[in-house]
Amino acid sequence: EAQVTQNPRYLITVTGKKLTVTCSQNMNHEYMSWYRQDPGLGLRQIYYSMNVEVTDKGDVPEGYKVSRKEKRNFPLILESPSPNQTSLYFCASSLIGHSYNEQFFGPGTRLTVL
Amino acid sequence: SQKIEQNSEALNIQEGKTATLTCNYTNYSPAYLQWYRQDPGRGPVFLLLIRENEKEKRKERLKVTFDTTLKQSLFHITASQPADSATYLCALERGGNKLTFGTGTQLKVEL
């Protein structure tokens, strides 16, 4: 089944404790992206990657890191989480060079930083 | 700055009626616009795409229009059903495979 998976689905942590949220897709998509979703603000892009070893900042990259060492994986790293990073996070992937970039989203990771 | 507006108030309609959701934007010239459905606690799911040179697109009970002069897209669900209840997001292309999403409109279809 074609899908984007994220782990963990739920995470409660404390300020300053480094964490990684994993994202993996099995559709051989070049493009992968991370979003956060907050009430009243909609989906905002954090980072994106056009291919392996190619990453770039989205609209709200502060406090986050990413890496793209393999095509299928795109982990999101919070080196020192803070309470304002409490949010619902989505990973998404799509083809590049397609006539349009329909994005396939993962199931989401709900993060609470205390 | 670029801005996308969707009605933040929930839209309540009766089963069988046509639901119409609005997406307005400013300071964009998108090559295409997409609509997604999102259920509570789940990731958005792609529904339809419409390009700037298309006026209307249909898929089963769904219809999307795109007026680049008014900078507006309308999303219609005909013969609505309770299963159509969800939040609907519009997303505009802004180059380089990047999308900017609206905040979404919640639709509730009542029996």
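Quick check on segment A:78-96. Is at least one of its residues surrounded by 15 or more Cβ atoms within 10 Å (Cβ to Cβ), part of a strand (DSSP E or B) and more than 14 Å from chain B (Cβ to nearest Cβ)? The answer is yes, given that some residue of segment A:78-96 is surrounded by 15 or more Cβ atoms within 10 Å (Cβ to Cβ), part of a strand (DSSP E or B) and more than 14 Å from chain B (Cβ to nearest Cβ).
For segment B:65-110, give me each residue that is among the aliphatic types (A, V, I, L, M) and closer than 20 Å to B:PRO40 by Cα.
Once the filter is applied, which keeps residues that are among the aliphatic types (A, V, I, L, M) and closer than 20 Å to B:PRO40 by Cα, segment B:65-110 yields B:ILE77, B:ALA83, B:ALA86, B:LEU89, B:ALA91, B:LEU107, B:VAL109.
The residue of segment A:38-57 that is surrounded by the fewest Cβ atoms within 10 Å (Cβ to Cβ), among those that are at the interface with another protein chain (Cβ under 10 Å from one of its Cβ atoms) and more than 21 Å from B:GLY95 (Cβ to Cβ), is A:GLY40. Being away from chain B (no Cβ under 11 Å) and either of a type in the set (Val, Ile, Thr) or farther than 22 Å from B:LEU99 by Cβ (or both): is that true of A:VAL60 here? Yes, satisfied.
Just checking, does segment A:24-37 include any residue being within 29 Å of B:LYS3 (Cα to Cα), more than 13 Å from chain B (Cβ to nearest Cβ), surrounded by fewer than 21 Cβ atoms within 10 Å (Cβ to Cβ) and in contact (Cβ under 8 Å) with a residue 24 or more places away in the chain? Checked against the condition, which is being within 29 Å of B:LYS3 (Cα to Cα), more than 13 Å from chain B (Cβ to nearest Cβ), surrounded by fewer than 21 Cβ atoms within 10 Å (Cβ to Cβ) and in contact (Cβ under 8 Å) with a residue 24 or more places away in the chain, segment A:24-37 yields no hits at all.
Selection within segment B:52-67: residues that are assigned to a strand (DSSP E or B) and touching a Ser or Thr at 6+ places or on another chain (Cβ under 9 Å). The member of this set that is surrounded by the most Cβ atoms within 10 Å (Cβ to Cβ) is B:VAL64. Among residues of segment A:97-114 being within 9 Å of chain B (Cβ to nearest Cβ) and small (Gly, Ala, Ser), the one that is farthest from A:SER24 (Cα to Cα) is A:SER99. Residues in segment B:68-88 that are of a type in the set (Ser, Thr, Tyr) and not in a loop (DSSP other than H, G, I, E, B): B:SER73, B:THR87, B:TYR88.
Just so you know, all these numbers are worked out from the coordinates, no wet-lab data involved. Not measured: the values here are computed from a predicted model. Cβ atoms come from the backbone with ideal geometry, glycine included; neighbour counts cover every protein chain shown.
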